[in-house]
Amino acid sequence: MATYRFKLARTDPSGGRRGDLFTLDLDSRMTVLDALFIIQREYDPSLSFRCSCRVGMCGTCAMRINWMPRLACQTRVETLRSESITIEPLASLPIAKDLVVDLGPFFAKWKKIRPALHPKNKDSKELAIVPPDSEFGRQAQGKRDCITCGACYSVCGIVGTSADYLGPAAINRAMLRLLDPRDGNVDDRLAVLNDETGVWRCHTQFNCVAACPKGINLTDSIMKMKRAMLFPKKFHDK
Ligand code: SF4
Ligand code: FES
């Protein structure tokens, strides 16, 4: 057991922001989410935060923990190497209450790139086979596990200054769809990526890569899409 001091960003009834302090004795294997449940259960039932799966799959518990976006359910307190733990909501998104943000702006960008599969041949009864050594097969390996947690979006310095920038997660998803040989919606996605709010806004700061809990190299995807804008025909010929 060790003693940890938590400072939580809270919403005042008046709508202002404040920091509340709590001191807890925790087993060092416990997670930040465990600590939030203890605080809510034993000290302040009005504390608001979001979670669902508790195993790093749903992305709903993303928040800033010691100034870095992380999944609360996957962050063991001992790994923070600090007895002081500051918890704040994700940045660059409207705060709904306490640690809960409105992910609406993030999903508005996500929707812009048409994230669902738009089959090339809707009526085909053939089984679609994606060779693992195709470009899509290779790229998908490390890029398909996005859980839409919003961490990369919230940590992006460009989103912070240009709210209309698509953001890393949407660009990564667009890349996967563009490379997917089963998908036929090429022009719409290219238009969104090539727009002034698209890939060209990225300044290659790598913050998104550092923040992604799934280890997705988002900057690599964005750079690939910048280069691909010179050869858009390849997506039609895939
Ligand atoms: S790319 Fe990574 S950080 Fe961004 S939303 Fe997906 S899982 Fe979260
Ligand atoms: S609760 Fe689902 S990722 Fe943390």
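Since every read-out is calculated from the coordinates, none of them should be taken as a lab result. Predicted, not measured: the structure shown is a model, and the values here were computed from it. With ideal geometry, Cβ positions are generated from the backbone for all residues, glycine too; neighbour counts draw on all protein chains shown.
Listed values, structure above:
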| item | result |
| --- | --- |
| 28 Å Cα-Cα threshold exceeded, pairs from LYS7/LYS112; LYS7/LYS109; LYS109/LYS238; LYS125/LYS226 | LYS7/LYS112; LYS7/LYS109; LYS125/LYS226 |
| Unit charges at the beta carbon, dipole of the chain: most positive-side option, GLY215, ILE129, SER82 | ILE129 |
| Loop chymotrypsin sites (Phe, Trp or Tyr not before Pro), the stretch 1-74, which have at most 14 other Cβ atoms in a 10 Å radius of their Cβ (DSSP) | TYR43, TRP67 |
| Magnitude of the charge dipole, the stretch 75-173, Cβ model with Lys/Arg +1 and Asp/Glu -1, debye to 20 | 440 |
| Estimated inter-spin distance, ARG41 and THR86, nm [label 7 Å along Cα→Cβ] | 2.9 |
| Alpha-carbon spread of the stretch 2-101, three principal axes, descending order, Å | 35, 28, 23 |
| The chain pair-distance distribution - Cα-Cα, 5 Å bins, rounded % | 1, 6, 13, 16, 16, 13, 11, 8, 6, 5, 3, 1, 0 |
| Stretchable slack from SER52 to PHE231, in nm (0.36 nm times residue separation minus alpha-carbon distance) | 60.3 nm |
| Extension gain, TRP67 back to PHE107 (0.36 nm per residue minus Cα-Cα distance, nm) | 12.1 nm |
| Gained length - ARG5 relative to ALA96, 0.36 nm times residue gap less alpha-carbon distance | 30.3 nm |
| Calculated FRET value between GLN205 and ASP123, using beta carbons and R₀ = 35 Å, to 0.05 | 0.20 |
